[in-house]
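*Asks:* I'd like to ask you about the structure that follows.
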Amino acid sequence: MSTRRPGDLIKLNSAIAVRPQPLCESDLATVRHAIASIAPDWSVELEGACADEATLVLLPADGDDAIGPSFIISREADGFRVDQIHWDSLTEIGVFSSLSDVVATLRLRLAFCLSSGLPTSVTLH
């Protein structure tokens with residue numbers, strides 16, 4: 001009689017890794033539409049050397065840090081990663097399970113930034 005359990009038969013190297021769908025034009029349109037209502041002067045662009053490395057980049061008018069931070073949305077195996085770049089400092093916002101969660105978070109951050117005004121850079125030159 002065998003004492004092996006079904007879990008003992010599965011090996012880690014037999015697992016199949018599923019690559020996430022890369023960001024595409026429909027993702028770009030979704031984010032552009034959502035951001036346009038709150039920050040019409042901001043641009044949203046699909047960037048990347050190839051489809052597998054595509055990111056969505058949100059920039060304030062003219063890329064001016066005094067207006068607000070820039071955001072980068074990338075696709076990961078477990079969702080969408082959002083990072084913020086402001087005054088040459090990169091901050092991870094988080095990983096979200098859906099693009100609608102990303103959009104909701106960005107809309108809140110932009111509403112706060114645009115309504116409160118942002119501090120000037122404290123970087124010494």
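Values quoted throughout were computed directly from the atomic coordinates according to the rules given, and no laboratory measurement underlies them. Predicted, not measured: the structure shown is a model, and the values here were computed from it. Quick reminder, even Gly has a Cβ in these numbers, built from the backbone with ideal geometry, and neighbours come from all protein chains shown.
*Asks:* Can you pull out the residues in region 73-83 that are touching a residue at least 24 places away in the same chain (Cβ under 8 Å) and either surrounded by 13 or more Cβ atoms within 10 Å (Cβ to Cβ) or touching a Cys at 6+ places or on another chain (Cβ under 6 Å) (or both)?
*Replies:* If the condition is that a residue be touching a residue at least 24 places away in the same chain (Cβ under 8 Å) and either surrounded by 13 or more Cβ atoms within 10 Å (Cβ to Cβ) or touching a Cys at 6+ places or on another chain (Cβ under 6 Å) (or both), then I73, S74, R75, V82 are the ones that fit.
*Asks:* Look at region 29-66 and say how many of its residues are over 14 Å from the mean Cα position of the chain (by Cα), in a loop (DSSP other than H, G, I, E, B), more than 17 Å from S115 (Cβ to Cβ) and among the hydrophobic types (A, V, I, L, M, F, W, C).
*Replies:* Result for region 29-66: 2.
*Asks:* Out of the residues in region 54-72 that are without any contact (Cβ under 8 Å) to a residue 24 or more places away in the chain and among the acidic types (D, E), state the one that is nearest to T30 (Cα to Cα). Please lay out each step first, then the result.
*Replies:* Restricting attention to region 54-72, the residues satisfying the condition of being without any contact (Cβ under 8 Å) to a residue 24 or more places away in the chain are 57, 59-64, 70, 72.
Checking which are among the acidic types (D, E) leaves us with 62, 64.
Numbers: D62: 22, D64: 24 Å.
Looking at the filtered set, the residue picked out is D62.
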